[in-house]
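The values are calculated or read from the model by the stated rules, or taken from the named source; none is laboratory data. Every value quoted in this text rests on a predicted model; they were computed, and no experiment measured them. Here Cβ is always computed from backbone atoms with ideal geometry, including for glycine, and neighbour counts include all displayed protein chains.
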Amino acid sequence: MIFLLAIILYQHTNDFTEKQLGILEITPYVIFIIGAILSIHFNRSRIFFTIVLLSLTLFMNHYYTNKQDAKVIFSILCIIIPLNFMILTLYKERGIFSIWGIIRIGFIISQYALANWIIHSKYKDYINIIYKNFLPVKHNFITSKQWLLATKLKHLPNGITLSESITQVSVIAFIVTFLLLLIRLIKYKYTQEIVYIELLLVLLFLLYTNGNPLIYYICFIACGICLIITVIRDTYFMAFYDELTGLPSRRALRQDMMKLGMKYSIAMLDIDFFKKFNDTYGHDTGDEVLKLVASMIKNVSGGGKSYRYGGEEFTILFPGKNKDDVIIYLDELREKIAKKGFALPSKSSGNKKAKPSTTRKSNGNKRNNKNKSRYKTKSRGSKLRSNRVTTKIIYITISIGVSQKDESYKTPDTVLKAADTALYRAKKKGRNCVSK
């Protein structure tokens, strides 16, 4: 949408006055400054480095007026942009003014300083290496005349013509970076990769076209706005969504509770014996269980919206429904979770003899019996000489308490508290059940 508006704006630049065009030329730098301040404030180093990269690219692209120098710097920028996007894709958030951040800023600036030095030095001829073909492919990229002939157009819209300075190195760099971003988007589902793919495609279009310089300023304004929106969106996600499970957080729950109408129900859910589970299998495994349970709670039926309340507790809001209506949906959710096995790979020694216990046998038997009742497990594996590798299938259960707005509980907070009380009743009943 933003880039579409940028194109529409560019089509109306003929109607701009000289003063308006002057303002348009400095606007991208103002946008970049705003984006840089926001990224520093919210410690979004990746966005900050991208803004530095775009600012230097825009400045360098219009700094050179000599035709030959402009061609060389253009070819260098076509390599610097995808190469740095590739590095930024793999870069982890390590701060802006930390030692890693300072090194990264210095690395970006040094590339442009080196390009500027090469153009003005006696080693300028060595830059011809980037125009060579490194792959055994016939390098015959389409020229502006060929493109115009193929499309039967006399000229591109608004005086834009295709550049004939495209090098094989830059094309390879753009393709590799695009594929890397696409793989990370599919594999890790990082929403920030979508923005970088869009920026990469826009910059590819800009760097491979020649024409009215205003299109550069307008598209760079659009790039800056997209980066600012990304900072705001990521900050919103951090504030209102739980990073581990991806569910809305307690803060989002509080906001949505204020929007409830005259009829609603609230359910509180708790994973049974989760503390013992963490002590037995470790916190990393516990986190995986939380993710599994959250993914199932997220798909609850009946129009419910799920939240992570804290720890192993979750909350579901049912706007427009009383508790008798939602019992069936909550019971269905409870059964699905109870039947969903969680695979836990583990190693257990097959030849080691059990050491005699120094504690009382009665206490040990009680503890073992309790653990057996809390977690139903199945083992699958193959016997080896020295040990046995098994995969335990663990079944998790949840307890649920639900309440609704009525004469006794008139506010969302009181309904939530009543649902929490009902949750404790469910635990006293033996867990793995729904109480109202």
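Values as computed for the structure displayed
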quantity: Subset of segment 261-278 (residues that are assigned to a helix (DSSP H, G or I) and either in contact with a strand residue (DSSP E or B) (Cβ under 6 Å, 6 or more places away or on another chain) or surrounded by fewer than 16 Cβ atoms within 10 Å (Cβ to Cβ) (or both)); calculated: LYS275, LYS276
quantity: Pick from segment 174-196, criterion surrounded by 17 or more Cβ atoms within 10 Å (Cβ to Cβ) and of a type in the set (Phe, Trp, Tyr), ranking: farthest from GLU93 (Cα to Cα); calculated: PHE174
quantity: First in segment 403-430 and surrounded by fewer than 21 Cβ atoms within 10 Å (Cβ to Cβ), second anywhere and assigned to a helix (DSSP H, G or I), Cβ under 6 Å, 6 or more apart; calculated: TYR409/VAL415; TYR409/ALA418; PRO412/MET257
quantity: Residue ID - surrounded by the most Cβ atoms within 10 Å (Cβ to Cβ), chosen from residues in segment 79-114 that are assigned to a helix (DSSP H, G or I) and at pLDDT below 85; calculated: THR89
quantity: Sole exception among (1) surrounded by fewer than 17 Cβ atoms within 10 Å (Cβ to Cβ); (2) under 23 Å from LEU90 (Cα atoms) for CYS226, by number; calculated: (1)
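Residues checked against (1) assigned by TED's automatic domain parsing to the domain that holds CYS78; (2) over 21 Å from ILE31 (Cα atoms); (3) out of contact with any Ser or Thr (no Cβ under 8 Å at 6 or more places or on another chain); (4) hydroxyl-bearing (Ser, Thr, Tyr):
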| residue | (1), (2), (3), (4) |
| --- | --- |
| VAL169 | yes, yes, yes, no |
| LYS189 | yes, yes, yes, no |
| ILE197 | yes, no, yes, no |
| VAL202 | yes, no, yes, no |
| TYR216 | yes, no, yes, yes |
| CYS223 | yes, no, yes, no |
| CYS226 | yes, no, yes, no |
| ARG233 | yes, no, no, no |
